[in-house]
1. Conditions: (1) within 28 Å of GLU38 (Cβ to Cβ); (2) open to solvent by 100 Å² or more (accessible area, probe 1.4 Å); (3) among the hydroxyl-bearing types (Ser, Thr, Tyr). SER62 meets all but one. Number of the miss?
2. In the stretch 65-78, which residue that is within 12 Å of the chain's Cα centre (by Cα) and among the hydroxyl-bearing types (Ser, Thr, Tyr) is least open to solvent (accessible area, probe 1.4 Å)?
3. Please identify the pairs in which a residue from the stretch 47-75 that is without any contact (Cβ under 8 Å) to a residue 40 or more places away in the chain has its Cβ atom under 6 Å from the Cβ atom of a residue that is of a type in the set (Lys, Arg), counting only partners at least 6 apart or on another chain.
4. I'd like to check something: does the stretch 109-131 contain any residue that is small (Gly, Ala, Ser) and farther than 21 Å from PHE43 by Cα?
5. With respect to THR15, is the statement that it is within 26 Å of CYS130 (Cα to Cα) and either over 16 Å from the mean Cα position of the chain (by Cα) or of a type in the set (Gly, Ala, Ser) (or both) true?
6. Counting only residues that are closer than 15 Å to SER66 by Cβ and open to solvent by less than 50 Å² (accessible area, probe 1.4 Å), how many does the stretch 14-38 have?
7. For the stretch 32-65, how many residues are farther than 27 Å from PHE81 by Cα and either touching a Phe, Trp or Tyr at 6+ places or on another chain (Cβ under 7 Å) or not in a helix (DSSP H, G or I) (or both)?
8. With the requirement that a residue be open to solvent by less than 30 Å² (accessible area, probe 1.4 Å) and touching a strand residue (DSSP E or B) at 6+ places or on another chain (Cβ under 7 Å), what does the stretch 43-57 give you?
Amino acid sequence: MRATLDTSLKIELHTDNFVGEVQNINLSESLSNDTYDELKKAFGFLGVLVFRNQNLAPPQFSEFSSNFGPLHTHHLAEKTFPENPEVRVISNVKKNGKYIGQYRAGHYWHTDLIYLKQVGHATILHGIKCPPVGAD
């Protein structure tokens, strides 16, 4: 018997209940503790949550992310925002001959920092400009 996700959030399930696309939510606005509890529950059940059409500044991204646990600053954090070093820029875009973010940081599926005493609970990505297919 398969378990089901019991939540008040509107979530469209994808890929055999491994990915949930959360509908009708704006992450740049303050969310209630109840909403965060529902998101955590959905994340624990599914493993991957997708929030489309979000426009988050680095402080908003940090604030949203911090509701899922302590934030880590990656040891290769040379491409970050000064006020939000926990937000790492990953990009293949060049300006004036230099990458604007860390290039090739996400080319292959991997788990970061698993050697730490306390590993991260989740990785949260905010795609600004993404290709229609593929991951490069």
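1. For SER62, the failing item is (2).
2. It comes out as SER65.
3. HIS74/ARG88
4. Checked against the condition, which is being small (Gly, Ala, Ser) and farther than 21 Å from PHE43 by Cα, the stretch 109-131 yields no hits at all.
5. yes
6. 5
7. 2
8. LEU46
The values are calculated or read from the model by the stated rules, or taken from the named source; none is laboratory data. Please read these numbers as outputs of a predicted model, since none were measured by experiment. Counting neighbours? That spans all protein chains shown, and the Cβs are built from the backbone with ideal geometry, glycine included. Remember, those area values only see protein heavy atoms, side chains included, never the ligands or the DNA or RNA. Shrake-Rupley method; radii C 1.70, N 1.55, O 1.52, S 1.80 Å.
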